[in-house]
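Chemist: Got a structure for you, questions after.
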Amino acid sequence: MNGQSLRITLRWIHIICALVMGTALYSPLQNNQAFMALVLYAVVPLVALSGVAMWKQGKIMKHLNHNKQNSAKATQ
């Protein structure tokens, strides 16, 4: 996966999860305990992880490319 497609994927994950969080805060669904548990324990960490991944994308791509180069050297 190249850097641009990774960034687009992370951005859409971040946007969709943020919309779910907004729904949890500003809709009548906040009275639904199962929905709120899903948001608190799955969606909020996913938003945080996707945000950090977008922030540190350069280091992530450098690490992935370094591992790819090491595996290519090992097979030669």
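The values are calculated or read from the model by the stated rules, or taken from the named source; none is laboratory data. Small disclaimer: the values here were computed from a predicted structure and weren't measured. Positions of Cβ are generated from backbone atoms using ideal geometry, with glycine treated the same way; all protein chains shown enter the neighbour counts. Only protein heavy atoms, including side chains, enter the accessible area calculation; ligands, DNA and RNA are left aside. Shrake-Rupley method; radii C 1.70, N 1.55, O 1.52, S 1.80 Å.
Chemist: Based solely on C-alpha atoms, express the radius of gyration and the Dmax of the stretch 32-76 in angstrom.
Modeler: 17.3, 57
Chemist: Let me ask you something else. Quick one: accessible surface of VAL52, probe radius 1.4 Å, all protein chains present, in square angstrom to the nearest 10.
Modeler: Estimated to the nearest 10 Å², VAL52 gives 80 Å².
Chemist: Sticking with this structure for a sec: If DNA, RNA and ligands are ignored and the probe is 1.4 Å, what is the ranking of LEU19, LEU46 by accessible area, most exposed first?
Modeler: Descending accessible area places them as LEU19, LEU46.
Chemist: Taking the Cβ of ALA53 as the centre, find all other residues whose Cβ is under 13 Å away and add up their charges (Lys, Arg: +1; Asp, Glu: -1).
Modeler: Around ALA53, the surrounding residues sum to +4.
Chemist: Note down the net charge around ASN67, summing +1 for each Lys or Arg and -1 for each Asp or Glu among other residues with Cβ under 14 Å from its Cβ.
Modeler: In short, +4.
Chemist: Which value in deg cm²/dmol, rounded to the nearest 500, describes the helix-derived mean residue ellipticity at 222 nm for the chain, given -39,500 (n - 2.57) per DSSP H run of n ≥ 4 and division by the residue count?
Modeler: After summing the helix terms and dividing by the residues of the chain, the value is -26500 deg cm²/dmol.
Chemist: In addition: How much length, in nm to one decimal, is gained on full extension between TRP55 and ASN70, taken as 0.36 nm per residue of separation minus their Cα-Cα distance?
Modeler: 2.9 nm
Chemist: For the chain, what is the accessible area per residue in Å² when the probe is 1.4 Å?
Modeler: Result: 77 Å² per residue.
Chemist: Separation between the VAL44 and HIS63 pseudo-spin-labels, each 7 Å from Cα along Cα→Cβ, expressed in nm?
Modeler: Simple spin-label model gives 2.4 nm for this pair.
Chemist: For SER71, tell me the accessible area in Å² from a 1.4 Å probe, rounded to the nearest 10.
Modeler: Counting only protein heavy atoms, SER71 exposes about 60 Å² to solvent.
Chemist: Taking only the alpha-carbon atoms of the chain, what semi-axes of the equivalent ellipsoid follow from 5 times the gyration tensor eigenvalues under a square root, in whole Å, largest first?
Modeler: Each semi-axis is √(5λ); the values are 36, 12, 8 Å.
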